[in-house]
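The values are calculated or read from the model by the stated rules, or taken from the named source; none is laboratory data. Given the structure is predicted, the values throughout are model-derived calculations rather than measurements. Counting neighbours? That spans all protein chains shown, and the Cβs are built from the backbone with ideal geometry, glycine included. With ligands, DNA and RNA removed, areas are computed over all heavy atoms of the protein, side chains included. Shrake-Rupley method; radii C 1.70, N 1.55, O 1.52, S 1.80 Å.
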Amino acid sequence: MTIESLPPKPVRRYPSALETVELRIPCGKVWLYGDLSLPPDFTGLVVFAHGSGSGRHSARNRQVAKALQNAGLATLLFDLLTAQEEREDSQTREHRFNIALLTQRMQEVTLWLLQQDTFKDVPIGYFGASTGSAAALIAAARMGPRVAAVVSRGGRPDLAGPVVLASLEAPTLLIVGGADQGVIELNEDAFAHLQCEKQLAIVPRATHLFEEPGALAQVSQLAADWFTRHLEKSPGIGQAGSTSKHQATRNAGRALS
């Protein structure tokens with residue numbers, strides 16, 4: 001089923017089993033497609049930012065998403081690029097490193113989620129892979145307290161820049177493979193700039209895509225532990241002591257301009 005907006009009534013109490021819907025999300029002048037999965041009584045929502053040359057059908061991200069769903073978290077995997085942009089990128093590679101575009105898409109999708117009654121009280125986290133990690137980190141810094149946690153898998157957090165990294169408030173976990181030479185050093189440098197609650201986890205003997213037996217399972221467990229810890233304790237919009245949804249939306253809207 002494809003929908004352009006969620007039902008006006010909250011749905012998180014209704015599913016008796018995992019429920020997945022395809023979303024068609026307005027994003028500026030384009031529409032982006034995503035797969036939203038809602039487990040029963042979910043306690044948070046994790047938005048995925050895929051890496052270069054990938055998309056919402058990434059097998060690796062879907063494996064991580066499944067682990068998060070089993071941990072009681074909703075997930076949204078969406079295409080950061082349109083079908084036309086993906087075709088162009090396959091030939092020119094012009095979009096996959098356009099961090100400004102990818103970041104804007106992350107913010108606009110998050111703002112759209114904030115307008116849905118389903119998620120007005122739900123803590124949001126970001127999971128980024130490869131270049132998507134930079135977009136997730138920058139968007140989280142701009143969204144402020146509305147993004148409660150970030151996880152990067154084999155990412156390029158260095159592309160976010162030291163100023164953004166130092167301003168990030170959301171607890172951040174950087175996961176990198178122990179055999180991913182070069183990327184380890186980039187993550188270590190980025191880790192040094194982070195001033196928020198942080199952790200650098202190195203999966204032994206894993207390469208960049210975590211294709212080794214058991215490597216991606218370790219990533220999934222690390223991510224599930226991080227998100228459940230930080231999203232469950234986050235107050236969420238609309239609860240006592242939290243920023244109002246409208247104020248968070250205004251703040252993020254200013255960041256987009």
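Against the test of being open to solvent by 10 Å² or more (accessible area, probe 1.4 Å), assigned to a helix (DSSP H, G or I) and of a type outside the set (Asp, Glu), the options 216, 165, 209, 200 yield a single qualifying residue, 216. Comparison of 149, 179, 136, 170 shows that the only residue that is part of a strand (DSSP E or B) and either in contact with a strand residue (DSSP E or B) (Cβ under 8 Å, 6 or more places away or on another chain) or open to solvent by 20 Å² or more (accessible area, probe 1.4 Å) (or both) is 149.
This table checks each residue for (1) hydrophobic (A, V, I, L, M, F, W, C); (2) touching a helix residue (DSSP H, G or I) at 6+ places or on another chain (Cβ under 7 Å); (3) modelled with pLDDT of 95 or more.
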site	(1), (2), (3)
50	no, yes, no
68	yes, yes, yes
75	no, yes, yes
88	no, no, no
119	yes, yes, no
140	yes, no, yes
143	yes, yes, yes
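Report whether or not residue 109 is in contact with a Cys (Cβ under 7 Å, 6 or more places away or on another chain) and open to solvent by less than 20 Å² (accessible area, probe 1.4 Å). Judged against the criteria, residue 109 is a match. Screening region 71-88 for residues that are among the small types (Gly, Ala, Ser) and surrounded by fewer than 22 Cβ atoms within 10 Å (Cβ to Cβ) and picking the one that is nearest to residue 221 (Cα to Cα) gives 71.
Scanning region 145-161 for residues that are touching a helix residue (DSSP H, G or I) at 6+ places or on another chain (Cβ under 6 Å) and not aliphatic (A, V, I, L, M) yields 146, 152, 153, 155, 156, 157, 158.
Looking only at residues in region 219-256 that are of a type in the set (Ser, Thr, Tyr) and either at pLDDT 90 or above or closer than 22 Å to residue 180 by Cβ (or both), the one that is most open to solvent (accessible area, probe 1.4 Å) is 228.
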